[in-house]
Structures are given as structure tokens and as C-alpha cells.
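We did not get these values from a lab; they are worked out from the coordinates using the rules stated. For clarity, every value in this text was computed on a predicted model and none was experimentally measured. Virtual Cβ from ideal backbone geometry, glycine too; neighbours counted across all protein chains shown.
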Amino acid sequence: MNAPPRASELGMMSCHVCRLVTAYVDDPHAHCPRCGNALHVRKRGSIGRAWALLAAAAIFYIPANLFPIMRTQSLSSKDDNTILSGIVELWRAGSPGLAVIVFTASIVVPMLKFIIMGYLLVSVQRSSGFVAKQRTRLYRFVELVGYWSMLDVFVVAILSALVHFKILSRVEPLPGVVYFGVVVVLTMLSAMSFDPRLIWDNRKSQ
Amino acid sequence: MHNAQELIVCEHCDSVYRRRTLARGEVADCVVCGAVLERHQWLGVDAQFALIVAAFIVFVIANVSPIVTLGLSGMTAATTLWGAVIAMWNDGAQVVAFLSAMTLFFFPLSQILIFGWVLWFARDGRRAPGFAQAMSALVRVKPWSMIEVFMLGTLVAVVKAHTYFDVVPGPGIWAFGFLTLLVTLFSSHDPRQLWDITREARA
């Protein structure tokens, strides 16, 4: 079966919000005749925005991991946990399964997002024609798993609200959790700014 | 030139296809990049509206009832979703409080209300007032609704607290679990199909 034509070759474009297919118009201020949103062939400033948001996320990622995210206080002890030490504790407390889930959501997923988004942006900028289909898959993966990194943030929120037994026992959020929440939002925004159609535009070779 | 309604463009690689009617359970994939073009919409508008009403009721229950109750030597403490938001705000994590309030309350609620609004009119094939804005809002809000993540977070928090406290799950946790189920059901439905099955009301 022959590959189907691309909209750009046929002089057509599709609304990014409602998917209506229209004839190509060379007007940056054009609006979709159906839903009224701005019409454009590719997401505007896609690569610049995606890079900027990714870089900002990478900067916030450092304090997010170095600073503790949660303080557990009781009569006899005070215990500050970072993301990593919280996972180790969960493992030792006898829930290795959950420890693996939290490790995946809080460590593996953000790292993968940085690596994949960086790779996609560099390969698009070099007009690479290498494994375009697989790169599009990688993009879908990032979109799909991105928001699960909020897991640890919500865990800290619930525990802080629950464990409020005056001096006997208390859980408090610490600055690390704020940085981490910001990292998740920034990486999500970076992935949303990226336009996967760019992977298929101006490829050097097939 | 084909009628534009008959064409669909892959959102990930820009390939153009002629739309065809999908059989039950069928999914149209892009042959170039493997993205999903369209899924068969196996729930009719009435069924979707019924589910949205159910989701609204469950959402209210999930928000007013305690999620979990902790016990420590005779004392108990319970929290709701809003309890968690307020605790984060008071303990110096206002950014997290704001994020949680948006992703767990305002975005899911506006999704339910807006979808319910357009579906109510779509039952007679009509477009609701503000249809275009409502449809755009649905597309924009979708990635920021994080009920499923909160559900898993609650489970992790329960296991963590279980080491030191007596944990009693509240009705809120069941409501959130049920809501997660409903969200999953809806995720296979693209609200953009409503553009095809509704018509502008004649003035």
C-alpha cells in the first residue's frame, strides 16, 4: 500500500483544536471557520518553546531532587525525606511493589522525559530522517506518561493533611515538593509545545 | 475536491485519510506513524450524557466525604481532597496547593460541566450556546485533569501511613476509585465527534 499524501503536499491544513480540514491559507492571523481558534500549519515557535520549557524544567529538577520533600516529626525523632530516600524507606517498610511504582513515576519518568524530549528536539533540528515512526512513538509515550509524575506531590499533600496529631506526630511538606511539582508542569508544557509533525517535515533521507 | 468533513489528518505526522465508518470496537490507526486517527464511538450521546451525570454525582461525593481516616492511640484524623489542598497552603507549599486544586478539582469539574452542557443539547442534534468555545475548552483542559494520579497517590499514602497508624478508608476513596473508572471509560471517546453529529440551530 502506498503511503497516504501529507496535508502540506495537498495544500491543506487541519485545525489543531477541532481537526476541521481546510485549504491552506498563508495568513498568520487566520481563524478556523468552525471553532474560531487560530489556524496554523505547525504549532508556532514549537522548537524554541519546547527547548526553553525543557531547560527550565531541568534547572528546577536539581533542587527538586536535592531538597527534602517531606518532614515526618514525632516525639522522639525528626525525619526529612527526599524523593529518593522516601522510596528507599517505602521499600524497607515492606512495600517493594509500591516502591517500584513510585520510583518509576518520580525518577524514571522525569529522566525519560528529559532524554526523549532532548533527543526529539535535536533530531528535528538536524532534519534527521532516522526512525521517524519510532520517534513519533516516543513522543506519544512522553505525552501519555507525563502527568503520572505528580504522584509524589499528591502523596505528600495527602499525608500532610492526614498526619496532624499535634506534637505526637506530624507530616509537613518541604520546599523540594514545590520544585518537583513545577518540574512536572514545565515538562508537560514542553511536550505540548513540541509539534510531532516536524519529525516528518524536511527529512534529509528516508 | 472532497468534502472537508470526509477527510481526517493525522495529528502526529500530517498524513491525510478519507474517513470511513468504523465497526464496533474498531480503531483507525495512521499507517505512517501509528497514531490513533479515530475510535469507534461505542456509546451514544444519551449514554454519554448519563455517564456524565453519574460522574458529576460521584465527583461531589468524592469531594465532600473523607478519603481516609487515621487513628493513633485514641485520636483520629480524617481528610478530604480540600483538606489536603488547605494543608499544603498553610504549610508553605502554596504552589502545590494551587496545582492540586486546579488538576484535581477545577479542571475535572469544568470538564464534567462543559461536557454535560454540550451533550445535553447534542441529544437533539443541536449545538449548545457557546458550542465552539466549549469544545475548545474541552480539548485544552483534558491533559490537566489528574484524578487517576490522585487515586494512586492516595493508595501510596495509605500504605506509607499504615506503618505507624490505624488506617480506615473512607467513602471518598471509593468515590475516587469509581471516578477513575468513569474517566477511563470516557478517555476512549473524543468529544470532537460532536462537531459531526450536531447542526447549528436555525435562527
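Placing +1 on each Lys and Arg Cβ and -1 on each Asp and Glu Cβ, with no other charges, gives the protein assembly as shown a dipole about its Cα centre of roughly 780 debye. Put simply, the amide H of B:A35, placed in the peptide plane, has neighbours under 5 Å in B:C30, leaving out anything fewer than 5 places away on its chain.
Only lysines eight or more places from B:K160 in sequence, or on another chain, were considered; those with a Cα closer than 25 Å are A:K78, A:K166. Could you give the alpha-carbon Rg of chain A over 2.2 N^0.38 Å, rounded to two decimals? That ratio works out to 1.32. The helix-only estimate of mean residue ellipticity at 222 nm for the protein assembly as shown, built from DSSP H runs of length n ≥ 4 each weighted as -39500 (n - 2.57), is -16000 deg cm²/dmol after division by the residue total. Does the range B:1-40 come out rounded, prolate or oblate by the C-alpha gyration tensor, with a ≥ b ≥ c the root eigenvalues, rounded set by a/c under 1.5 and, if not, prolate when a/b is larger than b/c and oblate if not? Oblate, since a/c reaches 1.5 and b/c is not below a/b. For chain A, hydrophobic long helices are taken as DSSP H runs at least 18 Å long by C-alpha position along their axis with mean Kyte-Doolittle hydropathy of 1.6 or more; these are A:109-125, A:175-193.
All other residues with a Cβ under 11 Å from the Cβ of A:L198 taken together, and with Lys, Arg as +1 and Asp, Glu as -1, what is their net charge? Charge balance near A:L198 sits at +2.
Partners of A:K133 within straight-line reach, counting lysines whose Cα lies under 29 Å from its Cα and excluding those fewer than 8 residues away in the same chain: A:K43, A:K113, A:K204, B:K142.
Listed values for the range A:29-37 are Karplus-derived 3J(HN,Hα) couplings in whole Hz (6.51 cos²θ - 1.76 cosθ + 1.60, θ = phi - 60°), namely 9, 5, 10, 5, x, 9, 9, x, 7, and x replaces Gly and Pro.
A Cβ-based charge dipole, computed about the Cα centre of the range B:1-40 with Lys and Arg at +1 and Asp and Glu at -1, lands at about 180 debye. Charge dipole (Cα centre; +1 on Lys/Arg Cβ, -1 on Asp/Glu Cβ; no other charges) of the range B:43-197 amounts to roughly 280 debye. In chain B, the longest principal axis of the Cα atoms and the axis of helix B:147-162 are about 20 degrees apart. Among residues other than B:A93 with Cβ under 13 Å from its Cβ, the summed charge is -2 (Lys and Arg +1, Asp and Glu -1). Of B:E11, B:E38, B:E148, which is the most mobile in a GNM of chain B whose springs link Cα atoms less than 10 angstrom apart? Result: B:E11 has the largest fluctuation of those listed. Evaluate the Kirkwood expression for the hydrodynamic radius of the protein assembly as shown, namely the inverse of the mean inverse distance over all pairs of different C-alpha atoms, and round to one decimal in Å. One decimal place: 23.1 Å for the Kirkwood radius. Distances between every pair of Cα atoms in chain B, grouped in 10 Å steps from 0 to the bin holding the largest one, split as 8, 27, 29, 19, 12, 4, 1, 0 percent.
So what's the angle, to the nearest 10 degrees on a 0 to 90 scale, between helix B:45-64 and the longest Cα principal axis of chain B? Roughly 20 degrees between the two axes. Ordering B:A55, B:W120, B:G83 by Cα displacement along the dipole of chain B toward the positive end leaves B:W120 in first place; charges were set at the Cβ atoms of Lys, Arg (+1) and Asp, Glu (-1). Would you kindly calculate the translational diffusion coefficient of the range A:1-69, applying Stokes-Einstein with the Kirkwood radius from alpha carbon pairs, for 37 °C and a viscosity of 0.692 mPa s, and quote it in µm² s⁻¹ without decimals? Using the Kirkwood radius from Cα pairs, D works out to 218 µm²/s.
Using the per-residue mean of other Cβ atoms lying within 10 Å as a proxy for protection, in what order, highest first, do the peptides A:80-88, A:178-186, B:15-23, B:96-104 fall?
Highest to lowest by the protection proxy: A:178-186, B:96-104, A:80-88, B:15-23.
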